Amino acid sequence: MYKRFYRLHSKPFSLLPDSEFLYLGATHRTAYSLLEYGLLTEAPFMVLTGDPGTGKTSLLHKLIADTRDLYSIGFLSNARYDVEYLLPWILLALGLNTKQLDPVEAQHLFTKFLDEQALRKRRVVLIMDEAQNLGVKLLEELRLLSNLNREKSLQLQIILSGQPDLQALLRRVDMTQFAQRVVVDYHIQPFTEEEVAQYIHHRVQLSGSSRPLFSPEACALTYRLSQGNPRLINQVCEMALTYGFAQQAPIITAKLLAQAALDRKKNRILPLSEVEDLASIAAAGEEETPECLEPV
């Protein structure tokens, strides 16, 4: 509803993962480079972790978009520890089978697919999102699948992405054999305050605006409320644009953003950081004059 008022062709702060809107801060650039390195150097296992909302899934979607012509990629985001076997989900993700197969048939089909891809000089890459939900049993199944790799020819690479619980899972004593095969292991950090301002401007610009819509003070307050978490930044900025439209405000100021955040914090569902002077910012009378930000 605010798009026409702010002359935007799309919502800049949607919560859906979208690699086209991905902003690569320092930590995301490092994570992406390490994943590329792992693919090129034939790492059997790679692990990417980060707190909820830090952009892991968007980063994986970018990796898929950039490498789909080089590898046969299967992406799983809904496998859980309470399923009996993981292989049927893997076959489904690779588009190999939609029927229920017994374990022997499934293993035969997967092995045949690996061999066919090897003849085409294509590696198979499995990406397991939310991998902290897999549990020890299914991770052990993945380890055994990696044994299908030949001595001098890697056919299968596996990327595990998940929340910090995944790190704790892989540090267990009974996961030692698995952990020894992990070549890339990186934890994504939140954005810095400077990166939050760049992230906001980046997404507003990609949505069609030729000018900054958030004042520097509003960007700084967004950082304090979100602590640099991209999903929370999106929540805060989406609320602010809605309030801005309601007030017909051409620029999102810290005052307006604080008003939106105060209302959202009343129910204590959204985990925003406590800002002691939020009420005083919301009640302030003066408006800010934003400085133009340089395009990212």
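As I understand it, the value is the acute angle between the Cα axis of helix 254-265 and the longest principal axis of the Cα atoms of the chain; what does it come to in degrees, rounded to 10?
For 254-265 against the chain, the angle is about 60 degrees.
Please give me, ordered by residue number, the trypsin sites (Lys or Arg not before Pro) of the range 91-153 that lie in loop per DSSP and have at most 13 other Cβ atoms within 10 Å.
99, 120, 121, 150, 152
Could you work out the helix-only [θ] at 222 nm for the chain, with each DSSP H run of four or more residues adding -39,500 (n - 2.57) and the total divided by the number of residues, to the nearest 500 deg cm²/dmol?
-14000 deg cm²/dmol
In a shell of Cβ-Cβ distance under 13 Å around residue 181, excluding residue 181 itself, what net charge do Lys and Arg (+1) and Asp and Glu (-1) give?
Net local charge, residue 181 excluded: -2.
Do any GluC sites (Glu not before Pro) in the range 119-226 lie in a DSSP loop with no more than 16 other beta carbon atoms within 10 Å, and if so, which?
Those satisfying the criteria are 151.
I want to verify the translational diffusion coefficient of the range 149-296 in µm²/s; compute it with Stokes-Einstein, Rh as the Kirkwood radius over Cα pairs, at 20 °C and 1.002 mPa s.
119
How high is the relative contact order of the range 90-211, in percent, with contacts defined as C-alpha pairs under 8 Å that are six or more residues apart?
Dividing the mean separation by the residue count of the range 90-211 yields 22 percent.
On a straight-distance basis, which lysines could pair with residue 265 in a cross-link, Cα separation under 28 angstrom, same-chain partners fewer than 8 positions away excluded?
3, 11, 56, 255
Test of the criteria: in the range 2-38, which trypsin sites (Lys or Arg not before Pro) are in a DSSP loop and have at most 13 other Cβ atoms within 10 angstrom of their Cβ?
Sparse-neighbourhood loop trypsin sites (Lys or Arg not before Pro): 4, 7.
If I take R0 = 30 Å and measure r between the Cβ atoms of residue 78 and residue 137 in this structure, what FRET efficiency does the formula 1/(1 + (r/R0)^6) give, to the nearest 0.05?
0.95
Accessible area of the chain with a 1.4 Å probe: how many percent of it is carbon plus sulfur?
Using a 1.4 Å probe with all protein chains present, the chain comes out at 51 percent carbon and sulfur.
The values are calculated or read from the model by the stated rules, or taken from the named source; none is laboratory data. It should be emphasised that the depicted structure is a prediction, and the values quoted were computed from it without experimental measurement. Every residue, glycine among them, receives a Cβ derived from its backbone with ideal geometry; neighbour counts consider all protein chains shown. To get the accessible areas, we keep the full protein, side chains included, count just its heavy atoms, and leave off ligands, DNA and RNA. Shrake-Rupley method; radii C 1.70, N 1.55, O 1.52, S 1.80 Å.
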